Amino acid sequence: MAPRFTDHIKSLPAFVPFVGPEAMERMSGRPFRARIGANESVFGPSPKAVAAMNRAAEEVWKYADPENHDLRLALAEFLPVNADEVVVGEGIDGLLGLAVRLFVEKGVKVVMPQGAYPTFAYHVDGAAGSLVRVPYVDDREPIAELLAAAREHDAAIIYLSNPDNPMGTWWDGDAVNRMIGELPEGCMLFLDEAYGEFAPRGVLPAIDTANPMVLRFRTFSKAYGMAGARIGYAIGGRAVIAAINKIRNHYGVNNVGQAGALAALRDQEWLEQVRARVARGRERIYAIAEANGLAAIPSATNFVTLDCGGDFARAKGVLDALIADGIFVRMPFAAPGNRCIRIGVGTDAELDLFAEALPRALATTE
């Protein structure tokens, strides 16, 4: 007797897109001194969101509203779009998985930047799609090359994150709009805007749900400080959102998270404070990099990518030394970005620890 896995599932390697800091702490037997590697907001959620979640926890015995009604209506008013043009899900990760299922099956081509957010590739692989990966150009996700690859391969989807993870770079809204106007016939643009709240004005193009070929993904995990609650949302044309509703896990978003996200959305004053603190933190990381002879790549996110001035081996050596010193950071996994390490904006105390540890880490690679 044996489980009858599909041939495709049997062909997939065992793969987890990320090794979490918790797993690394278990392996090392000690906690990190600074947790600045997962692009979380160390400043946390709005106190109003915390209070709302505490109240909701008292009624956690109830199933959550499967329609995410109050949160979805608040998002629709905030964006603004119609309520049937937005869907709430288990973070951008969960929504990407659902959206991929709408368009991808065996043999369908999907275009993405080589080295961009690996969970998207994870979902495409799981759906038996065929990935076409396009290298970064000048540390940015290359719009022209992505479009050319989509035309060449008759792709069903192009994935673009703007601002980008893991490099922190960005395109302005006009460039993204031009890309939308040049999409090949039948090709969807999945526009991942997880870091959009940190971006300069004009980076996020105006929402146009009249165009059914663009699906935009946003989250409460980053600027709103609710990564552990797993709340994201997608914005798109009615037909696409209706299709997602056919297959989504209707009880996937818990009532504590729904209450917290609703309160967070309504507290834009807290969001502005977080933006300001992140901006100051980026400047501090730029200064630490300069003091150590490293080049910092300008960022529109809550992290900064530092060029270690060499190749993968040097960057990996610096990364390993920092982790051994109790400083949790990460690095891009594909060339040419893998010459870099990526530092999240932490508290002042965490950035002090990073500033102290970085010279020691660099010395191990000399």
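The values are calculated or read from the model by the stated rules, or taken from the named source; none is laboratory data. The structure displayed is predicted, hence computed values, not measured ones. Note that each Cβ is placed from the backbone with ideal geometry, even for glycine, and that neighbours are counted across all protein chains shown. Just so you know, the surface numbers come from the protein's heavy atoms only, side chains and all, with ligands and any DNA or RNA stripped out. Shrake-Rupley method; radii C 1.70, N 1.55, O 1.52, S 1.80 Å.
Key figures for this structure:
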read-out	value
Burial ranking of peptide ranges 89-95, 294-300 (average Cβ count within 10 Å, highest at the top)	89-95, 294-300
Fraction of antiparallel bridges per DSSP, segment 148-303 only, in percent to nearest 5	30 percent
Cα centroid separation, segment 168-218 to segment 227-241 (Å)	15 Å
Residue-wise HN-Hα coupling along segment 39-46, computed from phi with Karplus coefficients 6.51, -1.76, 1.60 (Hz; x: Gly, Pro)	6, 7, 8, 5, 7, x, x, 3
Residue 106 versus residue 65: modelled label distance in nm, points set 7 Å from Cα along the beta carbon direction	4.3 nm
Unsatisfied cross-links (Cα-Cα over 26 Å) in the set 109/246; 48/246; 106/246; 48/222; 109/316	48/246; 109/316
Ratio of the Cα radius of gyration of segment 69-123 to 2.2 N^0.38 Å, where N counts its residues	1.41
Length released on extending from residue 295 to residue 313, taking residue separation times 0.36 nm less the Cα-Cα span	4.8 nm
Relative contact order %, segment 199-342, counting alpha carbon pairs below 8 Å whose residues are six or more apart	15 percent
Rg/Rh (Cα only; Kirkwood hydrodynamic radius) as it applies to segment 295-366	0.94
Amide H within-cut-off set for residue 109, under 5 Å, with H built and near neighbours excluded	130, 156
Pairwise centroid distance, computed over Cα atoms, of segment 86-144 with segment 331-356, Å	25 Å
Antiparallel DSSP beta bridges within the chain, as percent of all bridges there, nearest 5	50 percent
Cα coordinate range in segment 63-211, projected on the principal axes (Å, largest first)	43, 37, 28
Computed over segment 1-157: relative contact order in percent, which uses C-alpha pairs under 8 Å that are six or more apart	18 percent
With eigenvalues of the C-alpha gyration tensor scaled by 5 and rooted, the chain, Å	31, 26, 22
Accessible area of the chain belonging to carbon and sulfur atoms, whole % at 1.4 Å probe	54 percent
Surface per residue (accessible, 1.4 Å probe) for segment 196-305, Å²	41 Å²
Average silhouette area of segment 129-180, convex hull of alpha-carbon atoms, in square nanometres	3.7 nm²
Per residue value of the accessible surface for segment 86-180 (all protein chains in place, 1.4 Å probe), Å²	35 Å²
Efficiency of FRET between residue 133 and residue 172 - r from beta-carbon atoms, R0 30 angstrom, step 0.05	0.80
